[in-house]
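The values are calculated or read from the model by the stated rules, or taken from the named source; none is laboratory data. Keep in mind that what you see is a predicted model, and the values were worked out from it rather than measured. No Cβ is skipped: glycine too gets one built from the backbone with ideal geometry, and neighbour counts run over all protein chains shown.
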Amino acid sequence: MPRIIVQPNPFDVAAEQDALSRCNPRVGALVTFVGLMRDLNDGAQVSRMTLEHYPGMTEKALAAMAEEAASRWSLEGLTIIHRVGPLEPQDPIVFVGVASQHRGEAFRACEFLIDYLKTRAPFWKKEQTAEGERWVEARSSDDAAAGRWGNGGAQNPRPQ
């Protein structure tokens with residue numbers, strides 16, 4: 001059931017939402033989240049960000065997160081799309097869409113997936129600032145959010 005895509009290209013939010021509910025009259029709720037690149041991080045202007053990943057490993061990790069969400073809540077559909085490569089401010093980075101019969105399950109599953117994506121997905125972010133390039137470090141607030149769901153969620157180290 002889960003649809004997992006890792007790609008460099010932008011995605012069409014409306015088309016992805018439609019695909020989650022089309023031809024399924026059981027869907028009573030559709031919750032989506034779109035994460036955008038910001039131009040400011042930790043007080044510094046960011047002009048560009050590059051997202052890196054390990055092909056194959058990344059998709060496997062995202063599929064495991066999606067399966068965990070599907071085991072916790074009764075879902076009718078689930079899509080995760082995550083971009084990689086160079087991004088600029090306001091570019092969409094991630095799409096998480098969850099369809100279910102009831103809104104509570106869709107909201108909780110979507111929030112769970114976002115929290116786990118921030119802490120357990122094997123992506124590494126390198127920002128371009130006026131002072132040069134820098135790797136984005138893990139945030140304790142993201143770890144705390146993922147911790148609400150049990151099993152924590154350790155941040156992946158940046159590649160060497």
Next on the checklist: Within the stretch 90-129, take every residue that is part of a loop (DSSP other than H, G, I, E, B) and out of contact with any Lys or Arg (no Cβ under 6 Å at 6 or more places or on another chain) and give me the one that is modelled with the lowest pLDDT.
Outcome noted: A121
Checklist entry - If you go through the stretch 13-26, how many residues are touching a residue at least 12 places away in the same chain (Cβ under 8 Å) and under 17 Å from F95 (Cβ atoms)? => result 6
Checklist entry - Taking the stretch 85-95 as the region of interest, how many residues are surrounded by 16 or more Cβ atoms within 10 Å (Cβ to Cβ) and in contact with an Asp or Glu (Cβ under 7 Å, 6 or more places away or on another chain)? => result 1
Checklist entry - For the stretch 60-89, what are the residues that are in a strand (DSSP E or B) and either charged (D, E, K, R) or modelled with pLDDT under 95 (or both)? => result E76, R83
Next on the checklist: For the structure I just gave you, tell me whether Q7 is at pLDDT below 95, within 23 Å of E127 (Cα to Cα) and surrounded by fewer than 18 Cβ atoms within 10 Å (Cβ to Cβ).
Outcome noted: no
Checklist outcome for this item: Reported set for the stretch 96-120 where residues are of a type in the set (A, V, I, L, M, F, W, C) and buried (at least 21 other Cβ atoms within 10 Å of the Cβ) is V96, V98, A99, A106, A109, C110, F112, L113, L117
Item to check | Residues of the stretch 32-43 classified as assigned to a strand (DSSP E or B) and surrounded by 14 or more Cβ atoms within 10 Å (Cβ to Cβ), total | outcome: 5
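Would you confirm, using the coordinates I've provided, whether G28 is surrounded by 12 or more Cβ atoms within 10 Å (Cβ to Cβ) and either among the acidic types (D, E) or more than 20 Å from A121 (Cβ to Cβ) (or both)? If you could, list the steps in order and put the result at the bottom.
Numbers: surrounded by 12 or more Cβ atoms within 10 Å (Cβ to Cβ): yes; either among the acidic types (D, E) or more than 20 Å from A121 (Cβ to Cβ) (or both): yes.
Yes; evaluated as a whole, the condition is true for this residue.
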